[in-house]
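Okay, structure first, notes after.
The values are calculated or read from the model by the stated rules, or taken from the named source; none is laboratory data. In this text, all values refer to a predicted model and were calculated from it rather than measured experimentally. Glycine gets a Cβ as well: all are built from the backbone with ideal geometry, and neighbour counts include every protein chain shown. Accessible surface areas use protein heavy atoms only, side chains included; no ligands, DNA or RNA. Shrake-Rupley method; radii C 1.70, N 1.55, O 1.52, S 1.80 Å.
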Amino acid sequence: MALSQTTAAPAASESGFASALTTFVTALAVMAAGLIASIAVAVAVYAAFDFVLPYTKLLNALLVMVLGVAACFGYFWSSNKLLDTIYPASGAQIVSNITKANAIRPWLFLGPALIVVGIYLVYPVVNSVILSFHGPNGEAWVGTRNYEWLAQDPAFRESVRNNILWLIVVPAAATFIGLIAAALTDRISWGNIAKSLIFMPMAISFVGASVIWKFIYDYRPAGEAQIGLLNAIVTGLGGNPQAWITVPFWNNFFLMVVLIWIQTGFAMVILSAALRGIPEETIEAAVIDGASPFQIFYKIKVPQIWSTIAVVWTTITILVLKVFDIVLAMTNGQWGTQVLANYMFDWMFRGLDFGRASTIALVIMVMVAPIMVWNIREARKGIR
Amino acid sequence: MSTVVGARPALTWAVHIAVFVLVAIWTIPTLGILISSFRDKDQIVTSGWWTALAPAERNLVVRAAAPDDAIEENGRWVLRGNVFGEISGSVSAFGVSIQRPTEFSAGDTAETRDGELITIGENGDYAISYPERPEGARGQRLFVTSQEPPKFTTDNYETVLFSEGIGQSFINTLTVTIPATVIPILIAAYAAYALAWMEFPGRALLLATIVGLIVVPLQMALIPLLRLYNDIGVGKSFIGIWLAHTGFGLPLAIYLLRNYIAGLPREILESARVDGASDFEIFRKIILPLSFPALASFAIFQFLWVWNDLLVATVFLGNNEQQLVMTGRLRELLGSRGGNWEILSASAFVAIVVPIIVFFALQRYLVRGLLAGSVKGG
């Protein structure tokens, strides 16, 4: 676009490539000037305040927040001003100037975001691939040895097995219960209060939720008063108390319950909105034809919100792949509950092997990749 | 819809009951922690929180005072005292042997084989009378079953806030969260405006990249960034984590805001352009105020996400008093104080109370953001 615009401008006599290069270099220069100027001012003001004010962390945070926002504004304002000075919208070259400025301005607006995203997300993906071919400290080249190690590592296999279990159970359960909750709460007068309460765990951190559920699973030897709700119910029904989170294999499901508990509200809110968006006519037609409420739900409503169900499902799937806090806080991967994200963390902090940890991270990335592609395709459909 | 169900009262009842059960399952776990956090620490471990309002039954084994201290009264040697220490209650039964700890009820007199007469009153006062002068420093063992009134206290909160370091962690979390929520918003808003309303080559590709980056697992970013931070000397600092959260939050922020800003009516922007407003002015005077709902949605997301984050904080902040955030502290307490539910429950509640308040106060914006993020675009 910029290319055709600049060449079409009457004053532009350079070739297309040269003009694109000029645009690019000018954009970079203006961006850099704006960034340096605003950051320098912000740092100077920070230093001045830091000198005057007593140091407390919160005050410092507030100062950084205000200065951060001011520096952002400063950058956008100053770079914009600079651009207008270089290509003034007046004088003999006005048309050429405006086209040139318009080719550069979007990049000024995008600049900070591109820099931050580049450093924090794009660079790490590339760097992780490189690191996965290196040894523990990331210096010695080891070829594919990390991958070979991974392939025969029993703990890795256990993590993959558990991750697959999580991937099957959690999205399915959360979406299904969410759908039921959405359908039911839409029919009653106190539905909104019920929704709020089911949605609430979404605000609770995974660690907080782990504490909450660990209390539910608390175990005391038989004969003592059980203070964990689950064991109290089990003994109340005449069973034997169990240390739930140490029961092999099944303990995975007790951890999954925590995430299902957190995510059901999310599924419910989205699906409830989708259910309300269904055209009334289709339902009325079904009622006239004598369909039962169950038939209406499963044969008329659910098929119409299928795409939203897919979105909810994939969103929760992505979350499940990254699940880490719950396992770390409740079992730390003991008793056969290891998952990939926690295993990666283990190698990073306790194993201190950045090569192996990066390799595990890449496995997670590969598992997310299909969803990523699907997401991009869906988004492009929506944008066109 | 209601007419369909309205025709069948039995079904309506079933719906009410089903929703009630769901709500109960979803709220009871949190309620358990909340109630426990206000209970006395001895009662937490001896009875379930659901019995918090009922008097708690407690079994005590007490040693009476040393027989040497007995005083002569009317020809017998008598020892007096009280079975209760700090926690009072009312005695319902007592015994003198471990086989039959509830043999006698309060006020009765038990006679041992040695001819000692033992009586314990309801208020816990005991009297042991010996036929002859007793000797020895080991007191008689008394088995007491007492009923204690339910006890609620804010001691647990005082403990966690001031001596378990939760108070300091609360401030640390706040320090991380405020800038990490505000800084990405402006950066994202400008980028979103450019992606929505400005023409430039590679726009579609850029947008697709942003959407793809939303799902990049954080695990990928940790090691490269940790190394980068160490190389350039940022180390473990608040500025490092603010920028990290900004970077991780940006793709979603740009995507949410772009969808919203692209949906603003074209006429407003066109007429502003005709009036001679530059892009910069349009953004500041028209786009920013109009996008308030979307900005608020993202702000809530980012706030909840940063406040509740454990992974990024563990990697980019230190483990010391000055930097440990609340989620990290809670995890540490789970390890070191695994059985101390009075500390865990109060700490957990301090950690979740702020997000819950934000959640209930601003739920409307949160729901709107969720819908914009997944139904429209995703």
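Of note:
- Some residue of region B:197-206 being assigned to a helix (DSSP H, G or I) and open to solvent by less than 10 Å² (accessible area, probe 1.4 Å): no
- Candidates A:LEU114, A:LEU108 - the one that is among the aliphatic types (A, V, I, L, M), in contact (Cβ under 8 Å) with a residue 24 or more places away in the chain and in a helix (DSSP H, G or I): A:LEU108
- Taking region A:356-384 as the range and being in contact (Cβ under 8 Å) with a residue 60 or more places away in the chain and more than 9 Å from chain B (Cβ to nearest Cβ) as the test, the residues that pass are A:ARG356, A:THR359, A:VAL363, A:TRP374.
- Test: A:VAL363 is modelled with pLDDT under 85 and either open to solvent by less than 60 Å² (accessible area, probe 1.4 Å) or in contact with a Cys (Cβ under 9 Å, 6 or more places away or on another chain) (or both): no
- Residue within region A:133-155 that is within 29 Å of the chain's Cα centre (by Cα), of a type in the set (S, T, N, Q), within 23 Å of B:VAL216 (Cβ to Cβ) and more than 10 Å from chain B (Cβ to nearest Cβ) present: yes
- Only a single criterion out of (1) in contact with a helix residue (DSSP H, G or I) (Cβ under 9 Å, 6 or more places away or on another chain); (2) within 20 Å of B:LEU324 (Cα to Cα) is not satisfied by B:ASN230, namely (1).
- Check on A:ILE130, closer than 30 Å to B:GLU281 by Cβ, at pLDDT 80 or above and surrounded by fewer than 16 Cβ atoms within 10 Å (Cβ to Cβ): no
- Condition check for A:PRO136: open to solvent by 30 Å² or more (accessible area, probe 1.4 Å) and touching an Asp or Glu at 6+ places or on another chain (Cβ under 8 Å): yes
- The residue list A:ASN251, A:ASN231 contains one member that is part of a helix (DSSP H, G or I), among the polar types (S, T, N, Q) and closer than 27 Å to A:TRP313 by Cβ, which is A:ASN251.
- Checklist (1) touching a helix residue (DSSP H, G or I) at 6+ places or on another chain (Cβ under 8 Å); (2) modelled with pLDDT of 85 or more; (3) open to solvent by 20 Å² or more (accessible area, probe 1.4 Å); (4) of a type outside the set (D, E, K, R) applied to B:SER278, failing item: (2)
- Taken together, the residues in region B:217-241 that are closer than 21 Å to A:LYS322 by Cα, outside any loop (DSSP other than H, G, I, E, B) and open to solvent by less than 10 Å² (accessible area, probe 1.4 Å) amount to 8.
This table checks each residue for (1) open to solvent by less than 10 Å² (accessible area, probe 1.4 Å); (2) touching a strand residue (DSSP E or B) at 6+ places or on another chain (Cβ under 7 Å); (3) more than 7 Å from every other protein chain (Cβ to nearest Cβ).
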{"site": "A:ALA267", "(1), (2), (3)": "yes, no, yes"}
{"site": "A:ALA285", "(1), (2), (3)": "no, no, yes"}
{"site": "A:PHE324", "(1), (2), (3)": "yes, no, no"}
{"site": "A:TRP335", "(1), (2), (3)": "no, no, yes"}
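- If the condition is being of a type in the set (Ser, Thr, Tyr) and closer than 15 Å to B:ILE343 by Cα, then region B:157-196 contributes B:TYR157, B:THR159, B:SER163, B:SER169.
- Of all residues in region A:197-209, those being part of a helix (DSSP H, G or I), open to solvent by less than 20 Å² (accessible area, probe 1.4 Å) and within 7 Å of chain B (Cβ to nearest Cβ) number 6.
- Checked against the criterion of being surrounded by fewer than 21 Cβ atoms within 10 Å (Cβ to Cβ), in the same structural domain as B:PHE94 (by TED's automatic domain parsing), small (Gly, Ala, Ser) and in contact (Cβ under 8 Å) with a residue 40 or more places away in the chain, the candidates B:GLY165, B:GLY136 yield just one match: B:GLY136.
- In region A:44-71, the residues that are in the same structural domain as A:GLY34 (by TED's automatic domain parsing) form Cβ pairs under 7 Å with partners that are open to solvent by 70 Å² or more (accessible area, probe 1.4 Å) and modelled with pLDDT of 80 or more, at six or more places apart or across chains, as follows: A:LEU63/A:PHE49; A:ALA71/A:ILE39.
- Test: residue in region A:304-321 that is open to solvent by 60 Å² or more (accessible area, probe 1.4 Å), without any contact (Cβ under 8 Å) to a residue 24 or more places away in the chain, in the same structural domain as A:SER159 (by TED's automatic domain parsing) and in a helix (DSSP H, G or I): yes
- Of all residues in region B:299-339, those satisfying the criterion of being part of a loop (DSSP other than H, G, I, E, B) and open to solvent by 40 Å² or more (accessible area, probe 1.4 Å) are B:ASN319, B:ASN320, B:GLU321, B:GLN322, B:ARG337, B:GLY339.
- Flag for B:LEU252 being more than 9 Å from chain A (Cβ to nearest Cβ), outside any helix (DSSP H, G or I) and either among the aliphatic types (A, V, I, L, M) or within 30 Å of A:ARG350 (Cβ to Cβ) (or both): no
- Some residue of region B:174-189 being under 26 Å from A:THR314 (Cα atoms) and at the interface with chain A (Cβ under 7 Å from one of its Cβ atoms): yes
- Residues that are within 14 Å of A:LEU28 (Cα to Cα) and surrounded by fewer than 19 Cβ atoms within 10 Å (Cβ to Cβ) were ranked within region A:79-102; the one that is nearest to the chain's Cα centre (by Cα) is A:LEU82.
- Candidates are the residues of region B:77-122 that are open to solvent by 70 Å² or more (accessible area, probe 1.4 Å) and at pLDDT 80 or above; the one that is nearest to the chain's Cα centre (by Cα) is B:ARG80.
- Matching residues, region A:219-228, being more than 7 Å from every other protein chain (Cβ to nearest Cβ) and open to solvent by 20 Å² or more (accessible area, probe 1.4 Å): A:TYR219, A:ARG220, A:PRO221, A:ALA222, A:GLY223, A:GLU224
- Which listed residue is modelled with pLDDT under 85 and touching a Ser or Thr at 6+ places or on another chain (Cβ under 6 Å), from A:ALA92, A:ALA103: A:ALA103
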